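What follows is a single structure, written as structure tokens, with notes after it.
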Amino acid sequence: MRGFETLDMTSKREILKKESVLLFAMPYYHYMIRLHSLGAAFIEEYFDTEQKKVTRISEATEQDMFKYLSKIELTDLVKH
């Protein structure tokens with residue numbers, strides 16, 4: 001998403017709240033990562049479970065997406 005990375009954390013959180021679709025949440029080390037879709041982009045929101053706050057919101061790279069591959073059930077994606 002063009003320009004998203006230049007926004008401050010508050011603006012990013014507001015956009016996620018209003019315009020994104022939460023796809024997945026999973027623990028990752030001492031974070032809870034929420035993966036959102038926003039238009040054609042995937043956005044990761046990192047909640048630090050030790051600090052009890054969101055510490056990073058950024059567009060997911062292709063490399064970032066690998067950590068989700070083993071969690072996806074293809075049967076969940078098919079409509080019955």
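Every number here is computed from the coordinates shown, using simple stated rules; none is lab data. Here the structure is a predicted model, which is why all the values come from computation and not from measurement. Heads up, the Cβs are rebuilt from the backbone with ideal geometry, glycines too, and the neighbour counts pull from every protein chain shown.
Brief remarks follow.
- For the chain, adding -39500 (n - 2.57) for each run of n ≥ 4 DSSP H residues and dividing by the number of residues yields -7500 deg cm²/dmol at 222 nm.
- Length gained when the stretch D8-Q63 is fully extended (0.36 nm per residue, less Cα-Cα span): 17.4 nm
- Karplus-based coupling profile of the range 21-26, in residue order and whole Hz: 10, 6, 9, 6, 9, 8, with θ = phi - 60° in 6.51 cos²θ - 1.76 cosθ + 1.60 and x standing for Gly or Pro.
- A cut-off of 5 Å between modelled amide H atoms, ignoring neighbours fewer than 5 places along the same chain, links A25 with L35.
- Rg to Rh quotient for the chain, alpha carbon positions, Kirkwood Rh: 0.98
- Here the contact order of the chain, divided by its residue count and restricted to Cα pairs under 8 Å and six or more residues apart, works out to 21 percent.
- Total charge dipole magnitude, the chain, about the Cα centre, Cβ charges on Lys, Arg, Asp, Glu only, Debye to nearest 20: 220
- Over 20 Å between alpha carbons, listed pairs K12/K53; K17/K52; K12/K52; K18/K52: K18/K52
- Nearest 10 degrees, 0 to 90: helix 9-19 Cα axis against the chain principal axis: 40
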